[in-house]
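Okay, so here's the structure we're looking at.
The values are calculated or read from the model by the stated rules, or taken from the named source; none is laboratory data. Since this is a predicted model, take the numbers as computed values, not measurements. Cβ placement follows ideal geometry from the backbone for every residue including glycine, while neighbour counts extend to all protein chains displayed. SASA here: full protein model, heavy atoms, side chains in, ligands and nucleic acids out. Shrake-Rupley method; radii C 1.70, N 1.55, O 1.52, S 1.80 Å.
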Amino acid sequence: MQNLWRDADAEAEVSRYVDRGVNRDLALRTYTTRLLGSDPRLVLHGGGNTSVKTTVTDLVGDQYDVLCVKGSGWDMGTIEPQGLPAVKLAPLLKARKLDRLSDEDMVALQRANLIDPGAPNPSVETLLHAFIPHKFVDHTHSTAILAIADQAESERMSREVFGPRMGFVPYIMPGFDLAKAAADVFDQDPMVDGLILDKHGIFTFGETAKAAYDLMIHYVTVAEDFVRQNRRNPLVPARLPKRLASVEEIAPMLRGALAHPLGEGRYERFVSEFRSSPEILNFVNSDTLEVMAMRGVSTPDLSIRIKTGPMVLPAPDADALDGYRSVLDERVAAYVADYTEYFRSNDARDDVKRTMLDPIPRLTMVPGLGLFGHGRTLRDAKIAADLGEMWIEAARDAESVGRFEPVSRPDLFDLEYWSLEQAKLSGAKPKPLTGQVVLVTGGAGAIGAATVKAFAAQGAHAVVLDLDLAHAEAVAKDAGNNAIGLACDVTDPASVRVAFDATIRVFGGVDIVVSNAGAAWEGAIATLDDALLRKSFELNFFAHQTVAQSAVRVMKQQGTGGVLLFNASKQAVNPGAKFGAYGLPKAATLFLSRQYALEHGADGIRVNAVNADRIRSGLLTSEMISNRSSARGLSEKDYMAGNLLGLEVTAEDVAQAFVHQALAERTTGNVTTVDGGNIAATLR
Ligand SMILES: [Zn+2]
């Protein structure tokens, strides 16, 4: 492993922070914490922490010896000094004399001794950092170290690989007991450079930031070299079908199988992040994949993200895909049953009251294809996929030099259901459309952009389709929540197919489609150019049909219902003079929505339309507004507010109507009028 320490960088950080009143110790601590945090093979999504013992002066001028230790919620790769809150050292050291200290009391002790009462909670491994006398203490869950620590004979191998300068601490869950045990091991031989924590990770320490960091890189490199030189159990490839199904074929089925039924046609949905690489394929294609997956996660804190480990699927045979969905349902059911039994049997060990977390897998391995991470948000799905990649490396390397044997299930349970570990997951309440994917055509126009934004605000991941890629991407960026923009010509079925495939690649499927793209052409009906009418039908009718067909295809693969929404127009029910070219296909599209509602209600797919009127957009430009209002002898304002309510109707009003239709769980075949009131255009 490469040592990233550079004297010049370190000094630059020191001078940058000293200017802001941060002392040299903390500045260097911040620098090497970032070096460690920037490598996923050392630190991944919360798996590691660092500290420095230094002195600080409080607001009234009293000086304290403190431990500045990583605070929860901070990412080591981007940490700032305030992410390493200062805790008074003396009370922490005093705690070592206690026989026991509950988790709640440990947290209370740490918080009560913060110099800044508003600082984040110090790491759950704070006491261990405090009990080691060295000034700088570094801790990681290095993947290479886990290949040695996750062994059936981890202590023997650890001593063989790392030699006498590295202590070995048997597995104990983080907290007071582990801190005391680690300190006892250190006291037996204070000459050690660090400690290997069985089934967990590594600590190194030194008098300078550089010394502790150098030792971390050194011992990780020793582990890497050992694995490279001693590999003796190569992976044996399993037999794969002649023709493998594609990710685009599998992902919607998998997403549907994972959706957690809440009853009454409702589901808790997840999005999927797909990954593949030669390393991933080499592992998922091996004949030991299922055996390895059963052994569990490589370091216990992964359990809060990927539970007891990955779910494994059979390789998908492109020539026999018919029964694959039911195989997926069976595999998910088996995973859920296994997780439920894991909870039941371990929960029964004591009287503590716990509630089982949802038992849905967050990591899926598919021979021939790769791996999927799953989460309520794309961010969580990506984290699960990241952990999956590191799990593969640790499991593969451990097995290659011995027998991969990570933490036991009872120990894993204790950590997964430890209140302090659960606190690491953000308590953000899901929004009404969290876990759902919405695709909006004509997404860069006024109504499309407002619709994308409104759905993203409800928690949906949005896909913005537009002829204009740059505009689609700009709208996606503005909407946030990992929205993406794609170029798509909705009048070209091949282009629509590519866009749906790309959506599946990024999110795993789609739940809501807003078929919104359209354009208006004018002309008196009796003399209308036939080509123009046909062109309008291509965009204002057939494109809606193409998009709807793709949507229904994917929604049926998922088998969890869906929502199909159309932008009809006031013209669909109330013709305007010289607007036949626009109104006729829109009337057909309105009828199309009813046809889909009729034929796919039984699939749980709800189909609705919005008929809006007089919205400022590409269809009704400022120039058109100016011409029409002056032709009628009205001010622009009065023209735009020429409805029963006397108020201008905006793209945001239309967007809210689409969101409302998506949320109205018992509404299908509906047309929602968004025109401020126009009796001549009312339905029925
Ligand atoms: Zn740890």
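Which angle between 0 and 90 degrees, to the nearest 10, do you get for helix 493-507 versus the longest principal axis of the chain when only C-alpha atoms count? Its long axis makes an angle of about 30 degrees.
Label-to-label distance for E80 and D58 is 2.4 nm, based on points extended 7 Å past Cα in the beta-carbon direction.
Nearest 500 deg cm²/dmol is fine: what mean residue ellipticity at 222 nm does the chain get from its DSSP H runs of n ≥ 4 alone, each adding -39,500 (n - 2.57), divided by its residue count?
On the way: 26 runs with 300 residues, N = 684.
My calculation for the chain gives -13500 deg cm²/dmol from helical runs alone.
With the Cα gyration tensor of the range 269-339 in hand, give its eigenvalues times 5 under a square root as the equivalent ellipsoid semi-axes, listed largest first in whole angstrom. Each step should come with its number before you reach the end.
Details: eigenvalues 91, 58, 33 Å².
Those come to 21, 17, 13 Å.
Its Cα gyration tensor gives the range 261-409 an equivalent ellipsoid, and the semi-axes of that ellipsoid, as √(5λ) in whole Å with the largest first, are 24, 22, 15. Normalised by the number of residues in the range 429-550, the mean separation of alpha-carbon contacts (under 8 Å, six or more apart) gives a relative contact order of 25 percent.
Over all orientations, the range 454-500 has a Cα convex hull whose mean projected area works out to 3.1 square nanometres.
Tell me the net charge near M166. Cut-off is 9 Å between Cβ atoms, M166 excluded, with +1 for each Lys or Arg and -1 for each Asp or Glu. Kindly include the intermediate steps, with their values, before the conclusion.
Values: positive: R159, R165; negative: D193.
Residues close to M166 contribute a combined charge of +1.
Measuring r between the beta carbons of D187 and M624 and using R0 = 51 Å, the FRET efficiency lands at 0.05. Which value, in debye to the nearest 20, describes the size of the charge dipole of the chain about its Cα centre when Lys and Arg Cβ atoms bear +1, Asp and Glu Cβ atoms bear -1, and nothing else is charged? For this selection, approximately 1300 debye.
Stokes-Einstein diffusion coefficient for the range 145-230 at 4 °C in a medium of 1.567 mPa s, Rh from the Kirkwood formula over Cα pairs: what value in µm²/s? Walk me through the numbers before you get to the answer.
Numbers: Rh = 13.1 Å.
Once the numbers are plugged in, D ends up at 99 µm²/s.
Tell me, what does the Kirkwood hydrodynamic radius of the range 40-110 come to in angstroms if you use every pair of distinct C-alpha atoms? Present the calculation step by step, with values, prior to reporting the outcome.
Numbers: mean 1/r = 0.0723 Å⁻¹.
Evaluated on the range 40-110, it is 13.8 Å.
Computed over the Cα atoms, what is the radius of gyration of the range 522-641 divided by 2.2 N^0.38 Å, N being its residue count?
Here the Cα radius of gyration is 1.26 times the empirical estimate.
Extents of the range 473-593, taken as max minus min of Cα coordinates on every principal axis and listed largest first, are 48, 31, 24 Å.
Trypsin sites (Lys or Arg not before Pro) within the range 350-394: which are DSSP loop residues with at most 11 other Cβ atoms inside 10 Å? Please report the intermediate quantities before stating the final value.
Numbers: sites: K353, R354, R362, R376, R379, K382; in loops: K353, R354, R362, R376.
Passing sites in the range 350-394 are K353.
Any idea what the relative contact order of the range 204-321 is, in percent, if you count C-alpha pairs under 8 Å spaced at least 6 apart? If you can, show how the numbers build up before the last one.
On the way: 78 pairs, mean separation 35.1, N = 118.
That works out to 30 percent.
Residue farthest toward the positive end of the dipole of the range 370-471, with Cβ of Lys/Arg at +1 and Asp/Glu at -1: which of T434, W391, S419? It is T434, whose Cα lies furthest towards the positive end.
When the accessible area of the range 298-399 is computed with all protein chains present and a 1.4 Å probe, what percentage of it is carbon and sulfur? Present the calculation step by step, with values, prior to reporting the outcome.
Working: 1820 of 3640 Å².
Exposed carbon and sulfur together represent 50 percent of the surface.
Going through the range 113-208, which trypsin sites (Lys or Arg not before Pro) have at most 10 other Cβ atoms within 10 Å and a DSSP loop state?
On the way: sites: K135, R156, R159, R165, K180, K199; in loops: K135, R165, K199.
Loop-located and lightly packed - none at all.
Rg and Dmax of the range 335-402, based on Cα coordinates, read 15.2, 45 Å. Taking Rh as the Kirkwood radius computed over C-alpha pairs, what is the Stokes-Einstein D of the chain at 4 °C in a medium of viscosity 1.567 mPa s, expressed in µm² per second? Calculated translational D: 46 µm²/s. The long axis of helix 103-112 is offset from the longest Cα principal axis of the chain by roughly 90 degrees. Spherically averaged projected area of the convex hull of Cα atoms, the range 68-109: 3.5 nm². Short-range pairs are left out: with C-alpha atoms under 8 Å and at least six residues apart, the relative contact order of the chain is 10 percent. Between Rg and the Kirkwood Rh of the range 395-536, both from Cα atoms, what is the Rg to Rh ratio? So for the range 395-536, dividing Rg by the Kirkwood Rh gives 1.26. Give the Debye-formula value of log10 I(q)/I(0) at each listed q (0.11, 0.18, 0.19, 0.27 Å⁻¹), with one equal scatterer per alpha carbon of the range 607-684, two decimals each. Values, matching the q order: -0.33, -0.78, -0.84, -1.29. Helix 651-663 versus the longest principal axis of the chain: what is the Cα-based angle in degrees, 0 to 90, to the nearest 10? With rounding to tens, the tilt is 70 degrees. For the range 536-583, trypsin sites (Lys or Arg not before Pro) meeting the loop criterion (DSSP other than H, G, I, E, B) and having at most 11 other Cβ atoms within 10 Å: none. May I ask you to work out the translational diffusion coefficient for the range 163-296 at 20 °C, viscosity 1.002 mPa s, via Stokes-Einstein with Rh from the Kirkwood sum over Cα pairs, reported in whole µm²/s? Estimated diffusion coefficient is 109 µm²/s.
By the scheme Lys and Arg +1, Asp and Glu -1, what is the net charge of all other residues having a beta-carbon under 15 Å from that of R243? Let's see the in-between values first.
Values: positive: R239, K242; negative: E248, E249, D317, D319, D322.
For residues surrounding R243, the net value is -3.
For the range 375-445, what does the alpha-carbon gyration tensor say about shape, rounded, prolate or oblate, given a ≥ b ≥ c as the root eigenvalues, a/c under 1.5 as rounded, and a/b over b/c as prolate? Here the range 375-445 falls in the oblate category.
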